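Have a look at the structure below before the remarks.
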Amino acid sequence: MKRFASIATIFIMVLSVAGSVLAQTDPFVGTWKLNVKKSKFVPGPPMKSEIRIVSPGPLGMDISVKRVNGDSNMEEFEYTANLDGKSYPVTGQGPYGANSIAANLTTPYKIQSTFRRDNSVVATSTSLVSNSGMVLTITTKGTDTTGKPFSSIAVYDKQ
């Protein structure tokens, strides 16, 4: 019985360490700061700043965003991306007025996302981490809260 308990304890320790190692190797996990000079926002004005914190979640990633838009309004929102294509709620002032997001991991370095307000798609985005793991580029197209089309290429540096 003691041998079984010892083996079970070792097994649990190995699983917990493996989970930590996998989380550390996820290229999306970390703190990302918007590089305004390398980013492009059409029609504009460009965002003034953004910090995006990505943490490992039980089934995907937990994302927390704090940004200052081009009009100096602050926006904060959070969501869980379980990377299974199903919609999950966005809490806070969702981007583009979105109240849900569905995301899929298409490669280890690429995520496709769809933002919805109620059941209407308001934006789609592609998030791509560089091979070095130090640059995140999010390309987004959609309509803003007034119905006007927009597109952006937001470039982030890992902190």
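Could you tell me how many of the residues in the range 114-130 are of a type in the set (Val, Ile, Thr) and either assigned to a loop (DSSP other than H, G, I, E, B) or within 16 Å of TYR88 (Cα to Cα) (or both)?
First, the residues of the range 114-130 that are of a type in the set (Val, Ile, Thr): 114, 121-122, 124, 126, 129.
Going one step further and asking which of them are either assigned to a loop (DSSP other than H, G, I, E, B) or within 16 Å of TYR88 (Cα to Cα) (or both), we end up with 114, 121-122, 124.
Matching residues across the range 114-130 total 4.
Identify, from the list MET61, MET74, the residue that is farther than 17 Å from PHE115 by Cβ and either of a type outside the set (D, E, K, R) or free of Cβ contacts under 8 Å to residues at least 24 places away in the same chain (or both).
Values: MET61 fails: farther than 17 Å from PHE115 by Cβ.
Selected residue: MET74, the only one of MET61, MET74 that is farther than 17 Å from PHE115 by Cβ and either of a type outside the set (D, E, K, R) or free of Cβ contacts under 8 Å to residues at least 24 places away in the same chain (or both).
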Original post:
Can you name every residue in the range 60-88 that is out of contact with any Ser or Thr (no Cβ under 6 Å at 6 or more places or on another chain), under 22 Å from PRO108 (Cα atoms) and either of a type in the set (S, T, N, Q) or part of a strand (DSSP E or B) (or both)?
Top reply: MET61, ILE63, SER64, VAL65, TYR79, THR80, ALA81, ASN82, ASP84, GLY85, LYS86
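So that you can scan it fast, the table gives a plain yes or no per residue for (1) closer than 17 Å to GLU50 by Cα; (2) modelled with pLDDT of 95 or more; (3) touching an Asp or Glu at 6+ places or on another chain (Cβ under 9 Å); (4) among the hydroxyl-bearing types (Ser, Thr, Tyr):
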residue	(1), (2), (3), (4)
SER72	yes, no, no, yes
PHE77	yes, yes, no, no
THR107	no, yes, no, yes
THR126	no, yes, no, yes
LEU136	yes, yes, yes, no
GLY142	no, yes, no, no
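If you go through the range 30-50, how many residues are aliphatic (A, V, I, L, M) and farther than 24 Å from ARG117 by Cβ?
Of all residues in the range 30-50, those aliphatic (A, V, I, L, M) come to 34, 36, 42, 47.
Next, only the ones that are farther than 24 Å from ARG117 by Cβ stay: 36.
Adding up the residues that qualify gives 1.
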Original post:
Restricting the search to the range 30-59, which residues are at positive phi and part of a loop (DSSP other than H, G, I, E, B)?
Top reply: GLY44
Subject >> Matching residues, the range 99-116, being over 14 Å from the mean Cα position of the chain (by Cα) and in contact (Cβ under 8 Å) with a residue 24 or more places away in the chain >> reply: ARG116
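Going through the range 131-159 one residue at a time, which ones are among the charged types (D, E, K, R), within 20 Å of ALA102 (Cα to Cα) and either in contact with a His (Cβ under 7 Å, 6 or more places away or on another chain) or not in a strand (DSSP E or B) (or both)? Lay out the reasoning, then the answer.
Filtering the range 131-159 down to residues among the charged types (D, E, K, R) leaves 141, 144, 148, 157-158.
Filter again for within 20 Å of ALA102 (Cα to Cα), leaving 141, 144.
Of everything in the range 131-159, just one residue is among the charged types (D, E, K, R), within 20 Å of ALA102 (Cα to Cα) and either in contact with a His (Cβ under 7 Å, 6 or more places away or on another chain) or not in a strand (DSSP E or B) (or both), namely ASP144.
Condition check ((1) in contact with a strand residue (DSSP E or B) (Cβ under 6 Å, 6 or more places away or on another chain); (2) surrounded by 15 or more Cβ atoms within 10 Å (Cβ to Cβ)) across all residues:
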site	(1), (2)
SER120	no, no
SER127	yes, yes
VAL135	no, yes
THR140	yes, yes
THR143	yes, yes
PHE150	no, yes
TYR156	yes, yes
GLN159	yes, no
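Filtering the range 24-50 down to residues that are small (Gly, Ala, Ser) and surrounded by 14 or more Cβ atoms within 10 Å (Cβ to Cβ), which residue is nearest to MET134 (Cα to Cα)? Can you show your working first?
Pass one, the range 24-50, residues small (Gly, Ala, Ser): 30, 39, 44, 49.
So of that shortlist, the ones also surrounded by 14 or more Cβ atoms within 10 Å (Cβ to Cβ) come out as 30, 39.
Values: GLY30: 10, SER39: 15 Å.
So the residue we want is GLY30.
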**OP:** Report, by residue number, each residue of the range 89-111 that is surrounded by 16 or more Cβ atoms within 10 Å (Cβ to Cβ) and in a strand (DSSP E or B).
**Re:** VAL90, SER100, ILE101, ALA102, ALA103, LEU105, ILE111
Subject >> Hey, ARG52 modelled with pLDDT under 90 and among the charged types (D, E, K, R) or not >> reply: no
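The values are calculated or read from the model by the stated rules, or taken from the named source; none is laboratory data. This structure is a prediction, so every number in the text was calculated from the model and none was measured. Cβ atoms come from the backbone with ideal geometry, glycine included; neighbour counts cover every protein chain shown.
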